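A.B. asks: One structure is given below, represented as structure tokens, and several questions about it will come after.
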Amino acid sequence: MNEDNIKILIKGNRIISLKELFSEEIEARKEMANLSFEEKIKILVDLQKLAYTWGGKKDVIIWRS
Amino acid sequence: MKRALEVVNELKQKGLILDYAIGGAIGALRWVEPFFTRDLDVFIILAKQSKNNELVVLTPIYDYLAEHDYKEWIGQWIMIDGVPVEFIPAIGLSKEAVEQAISIDFQGINSKVMTPEYLIALFLSAGRDKDITKIRLLLEQASVDHKRLNGILKKYNLVEKFDRLTNIKR
């Protein structure tokens, strides 16, 4: 079976193909790139918290934001 | 991070550094989607060069920071208000990257960040796997001036390395 033909039911009862799903992900990541620098630093601090707690990386320094 | 940038601006105002720019992962973060990183890389052009050009002396900077109670070191990072900062002397390519960096505002603090083209060239110079990943992100998500990038790559003999390591069409 061609993976491109696999359909997925997503939020809002939309049916899309895997190919479309990946393509939308690329677009979403590009949108994230347009967030403000301040917003990105806030997300970075959240990622550091996540790495420390969930990831068990106890050497990670969580920045004071 | 706001206080860290204020402190770096103070270094410039006090004449300890001529100029600086944010590079490394945080520099890249300005242009691409958020990703995890540990430290803030600040590339600095020093006000005074030592007599021995091969020895870069950062002591005056550390002394200033210590006078302002920033004395804690964790590994190679000096902690400035909860942010691990690494000061990297800007020489050659990185010096040009600092000179060509653009202004950025962070919570009302004016700072400078390297442009995607110079970040790509610097990541390429380092050439580690994590650097190549950042190059890919920049090429995918940032507005890269390819003419400018090619000029920088040629000037610093990085064309062949770019083609070999990234496998990406310029």
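Just so it is clear, none of the values below were taken in a lab; they were calculated from the coordinates. Note that the structure is predicted; figures quoted are calculated from it, not measured. Neighbour counts run over all protein chains shown; Cβ positions are idealised from the backbone, glycine included.
A.B. asks: List the residues whose amide H sits under 5 Å from the amide H of B:Val83, counting only those 5 or more places along or on another chain, with H placed 1.01 Å from N in the peptide plane.
C.D. replies: Result for B:Val83 returns A:Arg64.
A.B. asks: Shifting gears a bit: So if we plug the beta-carbon distance of B:Lys154 and A:Asn13 into 1/(1 + (r/R0)^6) with R0 = 41 Å, what FRET efficiency do we get, rounded to 0.05? Provide the component values of the computation, followed by the final result.
C.D. replies: Details: r = 53 Å, r/R0 = 1.29.
Approximately 0.20, to the nearest 0.05.
A.B. asks: Return the calculated 222 nm mean residue ellipticity for the protein assembly as shown, to the nearest 500 deg cm²/dmol, obtained by summing -39500 (n - 2.57) across DSSP H runs with n ≥ 4 and dividing by the residue count.
C.D. replies: Working: 10 runs with 109 residues, N = 235.
Roughly -14000 deg cm²/dmol at 222 nm, from the helical runs in the protein assembly as shown.
A.B. asks: Continuing with this model, one more query. Quick one: what are the phi-derived ³J(HN,Hα) couplings along region A:10-27, Karplus 6.51/-1.76/1.60 with θ = phi - 60°, whole Hz, x for glycine and proline?
C.D. replies: Each residue's phi maps through the Karplus curve to give 10, 3, x, 6, 8, 10, 10, 7, 4, 4, 5, 4, 5, 5, 5, 5, 4, 5 Hz.
A.B. asks: Can you tell me which lysines have their Cα less than 23 Å from the Cα of B:Lys12? Leave out same-chain residues fewer than eight positions away.
C.D. replies: B:Lys2, B:Lys48, B:Lys51, B:Lys71, B:Lys95, B:Lys112
A.B. asks: Please give me, ordered by residue number, the GluC sites (Glu not before Pro) of region B:6-55 that lie in loop per DSSP and have at most 11 other Cβ atoms within 10 Å.
C.D. replies: Numbers: sites: B:Glu6, B:Glu10, B:Glu54; in loops: B:Glu54.
Filter output for region B:6-55: B:Glu54.
A.B. asks: Now, a different point. What ³J(HN,Hα) values, in whole Hz, does the Karplus curve 6.51 cos²θ - 1.76 cosθ + 1.60 give for region B:11-19 when θ = phi - 60°, with x put for Gly and Pro?
C.D. replies: Residue by residue, region B:11-19 yields 4, 6, 4, 7, x, 6, 10, 7, 6 Hz.
A.B. asks: Given points 7 Å out from each Cα along the Cα-Cβ axis, report the B:Asp63 to B:Lys14 separation in nanometres with one decimal.
C.D. replies: 1.0
A.B. asks: Exactly which trypsin sites (Lys or Arg not before Pro) in region B:24-79 are in a DSSP loop and have at most 13 other Cβ atoms within 10 Å? Present the calculation step by step, with values, prior to reporting the outcome.
C.D. replies: Values: sites: B:Arg30, B:Arg38, B:Lys48, B:Lys51, B:Lys71; in loops: B:Arg30, B:Arg38, B:Lys48, B:Lys51, B:Lys71.
Passing sites in region B:24-79 are B:Lys48, B:Lys51, B:Lys71.
A.B. asks: Mind checking Rg over Rh on the protein assembly as shown, alpha carbons, Kirkwood formula for Rh? Display every interim value, and only then the final one.
C.D. replies: Values: Rg = 20.0 Å, Rh = 19.5 Å.
Ratio value, two decimals: 1.02.
A.B. asks: Let me ask another. Could you tell me how many degrees, from 0 to 90 and to the nearest 10, lie between the Cα long axis of helix A:37-53 and the main elongation axis, the longest principal axis, of the Cα atoms of chain A?
C.D. replies: 80
A.B. asks: For chain A, which longest stretch is free of loop sites, where a loop site is one of the trypsin sites (Lys or Arg not before Pro) that DSSP puts outside H, G, I, E and B and that has at most 13 other Cβ atoms within 10 Å? All intermediate terms of the calculation are to be shown ahead of the outcome.
C.D. replies: On the way: sites that count: A:Lys57, A:Lys58.
Here the longest segment lacking exposed loop sites spans A:1-56.
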